[in-house]
Amino acid sequence: MKSKTNNFDLIFKRFLEVYSKDQQPIGVNFKEMVDSVKFQDRATHSIHIYPAKLLPQIPFFFVNNNFFIKENEYVLDPFSGSGTVLLEANLAGKNSFGCDANPLARLISKVKTSTYDVGVLKKLLQSLKVEIQNVIVDDNEKYPDVVNIDYWFLPNIKLQLNGILKSIKTISDENYRDFFLLCFSNCVKKVSLADSRISVPVKAKLNRKTNNQHPFFDESKLKLKNLENLDVFEKFSEIVSENIKRFENKQKIIPRSNDTKIIAEDARNLNIKDESVDLIITSPPYAGAQKYIRACSLNLGWTELSSKDNLRVLDKKNIGRENYSKSDYITLKVTGIEEADILLQEIYKINPLRAHIAANYLLEMKQAIIEASRVLKRNKYFILIAANNQVCNREFKTQEYLRQIAENAGFTTICRLIDDIKSYGLMTKRNKTASIITCEWVLILKKE
Ligand SMILES: C[S@@+](CC[C@H](N)C(=O)[O-])C[C@H]1O[C@@H](n2cnc3c(N)ncnc32)[C@H](O)[C@@H]1O
């Protein structure tokens, strides 16, 4: 079904009619359904890379839909990641609240949804160009506490990055400083020895003889050669200029962003009043599928958002994390979801750690769903985007278990949509314990 934004409420009412007949999920294609807008590099969506970003067409459909939300009301994403939902809410004239356990995600969302004077950004870039000539950096200088810094960065690159960081710190206005810090963060991985095709840092293998048959060998060799003579500030300037253009484009769509606040760091404790939001849209993490903190470790270190030691602390706050000590899973936790518990008991016999990761994931998601219910107004909607995955080669019906948890927490499922998004890039082939996710389920839940 194709449509213009003003028809979205009618389309959804049709879905409701169909769903009420047999309660079967309805196949949709969000990319086709929301084809009136060009999403390629829309507004500020691409100012920084982030793992497992949500397809912007999905929030677009709901935040531009009178059935779900009106002008100036509040949309919440309790797992806001890089802020896809928050930005689409803003572009649709709605206010938004975000929350994420990853400080880099919070910085991306904050910058992405800010309004900047583009003239000031351009002037600041010029001043940085001058500043960088005067900044004195030598190798005795203190470097940020980046994990394995000498493994990931060539000496000349490390030195130049430190100089850029030092000059960014001279910007007195925090909002503008954050813009440049985020551009700097985007530059970090591009000038590192990490393989840019892989989300979690993995060193591009260059010096093993056997590896010169590898399809990426020539590409990696070229990267190393380029890095040896790279002017990092030039690379950084390119990123800044591209991002300035994105803000110019965004401000053409909406001259001033609506109110956006990053309200919390843990979806289980949102720091806002009961019944204070009008719509929740979120794509939560999966059990053991994505290592958000490890994937961002170089960025977190260079931007000084996290020291090396703090990375573990941050990981512990992640729902779906994989690192546990043996004493954590001496016995298997019961989730209260019958089908999941039966499956997890079987898995526990083969792989107790994997069973524990999945069980604890469901228990922590339960806390987050109860918290979402607390802050949502009565008779309003919770759009939960999730998929199924595999745990030890068995299908783990994440979306179905989350739906049951939500129903136990007082939500009613009013509709389920299913979109076959093949190129979502949620997982890497290196991840052997979880499978590629192809279908997204969009659960539309109502707080009765
Ligand atoms: C699938 S991603 C969300 C991606 C986001 N929709 C986007 O487009 O960028 C899930 C997010 O949940 C976050 N997360 C994990 N545990 C959390 C917790 N306890 N509280 C809040 N956020 C958490 C991760 O850091 C990650 O950013």
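Using Cα positions and a limit of under 17 Å, work out the lysines in reach of K349, with same-chain residues fewer than 8 apart set aside.
Within reach: K326, K333.
Pull up the cross-link candidates among the aspartates and glutamates for K158, meaning alpha carbon to alpha carbon under 14 Å and not fewer than 8 places away within one chain.
Hits, sequence-local ones excluded: D138, D139, E141, D145, D150, E228, D231.
Hey, can you grab everything whose amide H is under 5 Å from the amide H of F396? Only 5+ residues off in sequence or another chain; H modelled, so Pro and N-termini drop out.
When sequence neighbours closer than 5 places are left aside, the close amide H contacts are N389, Q390, V391.
Run the helix sum for the chain: -39,500 (n - 2.57) per DSSP H stretch of 4+ residues, divided by residue count, reported at 222 nm to the nearest 500 deg cm²/dmol.
One gets -13500 deg cm²/dmol as the mean residue ellipticity at 222 nm.
Residue separation times 0.36 nm, minus the C-alpha to C-alpha distance between E275 and E448: what's the value? All intermediate terms of the calculation are to be shown ahead of the outcome.
On the way: separation 173, 0.36 × 173 = 62.28 nm, distance 1.23 nm.
Going from the current span to full extension adds 61.1 nm.
Mind checking the angle between helix 398-408 and the chain's longest principal axis? C-alpha axes, 0 to 90 degrees, to the nearest 10.
Approximately 60 degrees, to the nearest 10.
Given the Cα-Cα distance of D173 and K252 and 0.36 nm per residue of separation, how much length would full extension add, in nm?
Full-extension gain reported as 26.0 nm.
Could I have the simple spin-label model distance between N226 and D309, label points 7 Å from Cα toward Cβ, reported in nm to one decimal?
Distance between the two pseudo-spin positions: 3.8 nm.
Please list, in order, the residues from region 307-333 whose amide nitrogen is less than 19 Å from a point placed 7 Å along the Cα→Cβ vector of I350.
Answer for region 307-333: 332-333.
Straight-line reach only, C-alpha to C-alpha below 19 angstrom: list the lysines that K21 could link to, leaving out same-chain residues fewer than 8 apart.
List returned: K13, K446.
Could you give the angle, 0 to 90 degrees to the nearest 10, between helix 155-168's Cα long axis and the longest principal axis of the Cα atoms of the chain?
It is inclined by approximately 70 degrees.
Taking R0 as 22 Å, what's the FRET efficiency between C439 and C392 from their Cβ-Cβ distance, rounded to 0.05? Provide the component values of the computation, followed by the final result.
On the way: r = 20 Å, r/R0 = 0.92.
After rounding to 0.05, the efficiency reads 0.60.
Report relative contact order for the chain in percent, whole number only (criteria: Cα-Cα under 8 Å, sequence separation at least 6).
19
Distances longer than 31 Å among the Cα atoms of the chain: what percent of all pairs is that?
On the way: 44612 of 100128 pairs.
Value for the chain (Cα pairs over 31 Å): 45 percent.
Residue farthest toward the positive end of the dipole of the chain, with Cβ of Lys/Arg at +1 and Asp/Glu at -1: which of I26, L227, A289?
Sorting the options by dipole projection puts first L227.
Can you give me the long-range amide H partners of C415? Hydrogens built in the peptide plane at 1.01 Å from N, cutoff under 5 Å, separation of 5 or more residues or another chain.
Under 5 Å from the amide H of C415: I444.
In degrees between 0 and 90, to the nearest 10, how far off the longest principal axis of the chain does helix 118-134 point, with axes built from Cα atoms?
Once rounded, one gets 40 degrees.
N323 to D117: extension gain in nm, 0.36 nm per residue of separation minus the Cα-Cα distance? Intermediate values should be presented prior to the final figure.
Working: separation 206, 0.36 × 206 = 74.16 nm, distance 4.32 nm.
So the chain would gain 69.8 nm between N323 and D117.
Residue by residue through region 337-354, which ³J(HN,Hα) values in whole Hz follow from phi under the Karplus form 6.51 cos²θ - 1.76 cosθ + 1.60 (θ = phi - 60°), with glycine and proline marked x?
In residue order, the calculated couplings are 9, 3, 4, 5, 5, 4, 4, 5, 5, 5, 5, 4, 5, 8, 8, x, 5, 4 Hz.
No lab work stands behind these numbers, since they all come straight from the coordinates. This one's a predicted model, so the numbers in the text were calculated from it and none came from an experiment. Virtual Cβ from ideal backbone geometry, glycine too; neighbours counted across all protein chains shown.
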